[in-house]
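In what follows, a structure is listed as structure tokens, so that the remarks can point back to it.
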Amino acid sequence: MRLTTCPLDCFDGCSITVNDELKLKGNKNHPITQGYLCHHLNHYHTFERIEEPRYLGQSISMEEALKILEEKLRAYKPSHTLYFKGSGNLGVMQGVTKRFFAEHKAVLASGSLCDEAGDAGVCESRGANLALSPLHVKEAEVVILWGRNPSVTNSHMLPSLKGKTLIVIDPIKIDLAYSAALHIQIQPRGDLYLALLLCRLVAMEDMEDQTFLNERTLNHSDFIEYISGIPMRKLLDRSQVNLDEVGELLRLIKGKKVSILVGIGVQKYSFGHSVLRAIDALGAMLGLFGKVGCGVSYLSNSGFDFYAPFKVSAKTEPLPIVDFGKYDLVFIQGGNPLSQMPCSSKVNAGIDHAKCVVYFGLHENETSEKAHLIIPAKSFLEKEDLKLSYGHHFIGRMPKLVESEIGISEYALAQTLLGVFGHQALESEERIIEQVIVSNSVEKEGFLISKTYEDLPYEKTFYTPSGKFEFLEEFDDEPLEEEGYFLIAAKQNTSLNSQFVTDDYLYVPRSLGFEQETRVRLTNRYGSAEYSVMPSDRLRDDCLLLYSGAKNANQLTPHAMSQEGKCAIYQEMKVKLEKVR
Ligand SMILES: Nc1nc2c(c(=O)[nH]1)N[C@H]1C(S)=C(S)[C@@H](COP(=O)(O)OP(=O)(O)OC[C@H]3O[C@@H](n4cnc5c(=O)[nH]c(N)nc54)[C@H](O)[C@@H]3O)O[C@H]1N2
Ligand SMILES: Nc1nc2c(c(=O)[nH]1)N[C@H]1C(S)=C(S)[C@@H](COP(=O)(O)OP(=O)(O)OC[C@H]3O[C@@H](n4cnc5c(=O)[nH]c(N)nc54)[C@H](O)[C@@H]3O)O[C@H]1N2
Ligand code: SF4
Ligand SMILES: [Mo]
């Protein structure tokens, strides 16, 4: 029995036991994994992979594929070559290809389709974005799930939620809302206003932690003055919550150990960074940071204080709005932009215009379908890697467990290209991985963990220049002008974004009276697309829902990015709905 770690983009970073038949099981001894895996890894071997390289639809050998890639890299100017990496595998070694493309002087798409707007806000307030692991949350009395859906996206948090007072703030009635003490079914885009409203009320009710505010925060009184200038009416209108619910929330958390778990739901908007700052401000007013069972936790920076082996300097373009059509050669690794990037019509037009699109991945998808050159990757069982998790502090080794004829590893691809173009060779994989591990890890009870977490998160310091928590000073937001429905983008159980088994339905409020499978069309200024309907009792009357990875999920999402963090802003729009006749 050998051990490895799940490579997927997920909070849990599961530790996996692998037997000689390559059967994957959750490691029973791992404090987070606790012996179980989710749908994706339980069925991992049933998903078909790409087995052979292809060029213009014809199967070729890996040698030929690498030769064609070399020819294309020589034929097109480096300044007309784009490197684009998705999040299909979050192993540290996945970034190795960036080293070659930076040496080659290509342009790197930089930014995020995911969490960076919120991350920018967390970093402004706290200086670094650290996680509350399930072991920390276990000590809480009250847990607020704020735009985060652990029963789908973070199932190894569930044991820690058992027996806790749960508060859910989500426009959707998620599974955990049914067992929550309070569900505030907030209007999408309303969280900043709810957080500021709560800050106002915490101050009015003398619920502030004065010692924490005096000793560990920088600009508290300016913050209170600033938010006192925002009319209460505006805070209530923009969040569409009522004072009873807010009063109940305060009653439930008063004097309790509170962990606030925030997901990406709250920040899929232009001012996403400010939303996290406002929620953090509430945490700071209550003095939640650095205490047992308490705190605010978002998708953390897994690499914090670790040596970053593939940090490069290069010309970059903002990833969520990058125009593929400006490039002759586009190299896409571990991602499916034709499904997952916002504003599919622009992405499609760009990909159609590029002279050569290379797809380097595991599975067929919308992007591989259109690519000229397909290079199959090795799976996580077939290459050396290391996983740092964004949901806890355990470090997961990912040794190569099996030889395979299929595919090429990211390391081997990068090493080959560095060699043929005469750049300096990479150190060995083992050495790179060890350097990362030793840079910031310590062994505790037989497990490697990040040294940063020897103390509770933020127990000793914040990582801002002042060493203190810094409150939000202003924000910039205008309400959406468009009429129509909010269109929510969320995750579902059997898919990991566009990988594995996706769900293509458009979920609509049952009150609209549509039968299942009714065909409808959604339209807005970014596009138009048709969907089959699934009526749902879980939605507000002003919301529709399309899961990540659904067919046409991004036909209507904005070609735009967040004010901070170069992040996609999937929900910064509304849509009109009509029945297709
Ligand atoms: N099974 C599974 N697990 C996954 C993934 C997957 O695709 N499938 N994806 C992984 C990835 S890439 C990520 S980034 C994480 C994300 O993890 P989460 O953040 O938990 O995932 P989401 O489903 O995007 O969003 C969570 C919730 O935010 C709510 N929401 C939407 N808009 C708003 C809003 O304006 N305000 C509030 N308060 N809530 C809102 C949604 O209704 C949803 O219930 O999950 C990871 N885990
Ligand atoms: N409408 C809408 N759009 C969204 C979202 C949403 O909620 N709604 N969520 C956004 C979020 S949070 C995220 S993180 C992005 C994710 O978007 P992407 O990064 O595009 O992720 P996936 O769709 O999972 O595609 C990952 C691809 O990586 C490949 N892959 C897997 N393992 C490996 C490997 O080891 N090596 C290589 N080379 N390739 C590999 C697989 O073949 C797979 O096709 O989508 C974003 N897009
Ligand atoms: S829960 Fe997350 S980390 Fe664990 S097996 Fe599933 S995808 Fe991987
Ligand atoms: Mo993500």
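The table that follows gives values for the structure above.
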quantity	calculated
Candidates 395, 406 - the one that is out of contact with any His (no Cβ under 9 Å at 6 or more places or on another chain), among the β-branched types (Val, Ile, Thr) and within 16 Å of ligand 3 (Cβ to nearest atom)	395
Qualifying residue in region 123-132 (condition: surrounded by 22 or more Cβ atoms within 10 Å (Cβ to Cβ), within 16 Å of ligand 2 (Cβ to nearest atom) and more than 22 Å from residue 542 (Cα to Cα))	yes
Residue count, region 1-52 (criterion: among the aliphatic types (A, V, I, L, M), within 10 Å of ligand 3 (Cβ to nearest atom) and within 20 Å of residue 384 (Cβ to Cβ))	4
Tally of residues being in a helix (DSSP H, G or I) and within 24 Å of residue 469 (Cα to Cα) across region 250-281	16
Positions within region 243-269 being more than 17 Å from the chain's Cα centre (by Cα) and crowded, with 24+ Cβ neighbours inside 10 Å, in sequence order	258, 259, 260
Qualifying residue in region 300-313 (condition: part of a helix (DSSP H, G or I), in contact (Cβ under 8 Å) with a residue 24 or more places away in the chain and not small (Gly, Ala, Ser))	no
Identity of the residue in region 1-47, part of a strand (DSSP E or B) and free of Cβ contacts under 8 Å to residues at least 60 places away in the same chain, that ends up surrounded by the most Cβ atoms within 10 Å (Cβ to Cβ)	16
Residues being of a type in the set (A, V, I, L, M, F, W, C) and farther than 16 Å from residue 17 by Cβ - total across region 383-401	3
Leading residue by the ranking (surrounded by the most Cβ atoms within 10 Å (Cβ to Cβ)) among those in region 551-578 that are touching a Gly at 6+ places or on another chain (Cβ under 6 Å) and under 16 Å from residue 116 (Cβ atoms)	562
Residue among 161, 194 that alone is surrounded by 24 or more Cβ atoms within 10 Å (Cβ to Cβ) and free of Cβ contacts under 8 Å to residues at least 60 places away in the same chain	194
Number of the condition not met by residue 152 [criteria: (1) under 29 Å from residue 290 (Cβ atoms); (2) within 16 Å of ligand 3 (Cβ to nearest atom)]	(1)
Residue satisfying all of: in region 279-314; of a type in the set (Val, Ile, Thr) and in contact with a strand residue (DSSP E or B) (Cβ under 8 Å, 6 or more places away or on another chain); nearest to residue 239 (Cα to Cα) among these	279
Tally of residues being assigned to a loop (DSSP other than H, G, I, E, B), more than 32 Å from the chain's Cα centre (by Cα) and within 26 Å of residue 463 (Cα to Cα) across region 177-230	1
Near pairs, Cβ below 6 angstrom, 6+ apart or cross-chain, from region 243-267 (over 17 Å from residue 137 (Cα atoms)) to any residue that is modelled with pLDDT of 95 or more and within 16 Å of ligand 3 (Cβ to nearest atom)	264/115
Selection from region 108-158 of residues that are more than 16 Å from ligand 4 (Cβ to nearest atom), aliphatic (A, V, I, L, M) and part of a strand (DSSP E or B)	108, 142, 143, 144, 145
Residue satisfying all of: in region 58-82; in contact (Cβ under 8 Å) with a residue 12 or more places away in the chain and assigned to a loop (DSSP other than H, G, I, E, B); nearest to residue 351 (Cα to Cα) among these	76
Conditions (1) in contact with a strand residue (DSSP E or B) (Cβ under 8 Å, 6 or more places away or on another chain); (2) within 30 Å of residue 85 (Cα to Cα): number failed by residue 274	(1)
Set 112, 133, 125, 87: member being within 16 Å of ligand 1 (Cβ to nearest atom) and more than 30 Å from residue 423 (Cβ to Cβ)	133
Residue ID - farthest from the chain's Cα centre (by Cα), chosen from residues in region 83-107 that are within 16 Å of ligand 2 (Cβ to nearest atom) and assigned to a strand (DSSP E or B)	83
Residue within region 508-524 that is at pLDDT 95 or above, part of a loop (DSSP other than H, G, I, E, B), within 25 Å of the chain's Cα centre (by Cα) and surrounded by fewer than 18 Cβ atoms within 10 Å (Cβ to Cβ) present	no
Number of positions in region 541-550 that are buried (at least 19 other Cβ atoms within 10 Å of the Cβ) and either more than 16 Å from ligand 4 (Cβ to nearest atom) or on the phi > 0 side of the Ramachandran plot (or both)	4
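Let's see how each residue does on (1) among the polar types (S, T, N, Q); (2) within 16 Å of ligand 4 (Cβ to nearest atom):
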| position | (1), (2) |
| --- | --- |
| 494 | yes, no |
| 498 | yes, yes |
| 516 | yes, no |
| 533 | no, no |
| 552 | yes, no |
| 559 | no, no |
| 566 | no, yes |
| 569 | no, yes |
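Results for (1) in contact with a strand residue (DSSP E or B) (Cβ under 7 Å, 6 or more places away or on another chain); (2) away from ligand 2 (no atom under 16 Å from the Cβ); (3) hydrophobic (A, V, I, L, M, F, W, C), shown as yes or no for each residue.
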| site | (1), (2), (3) |
| --- | --- |
| 411 | no, no, no |
| 426 | no, yes, yes |
| 438 | no, yes, yes |
| 458 | no, yes, no |
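The values are calculated or read from the model by the stated rules, or taken from the named source; none is laboratory data. Keep in mind the model is a prediction, meaning the values are calculated, not measured. Glycine also receives a Cβ, built like all others from the backbone with ideal geometry; neighbour counts cover every protein chain displayed.
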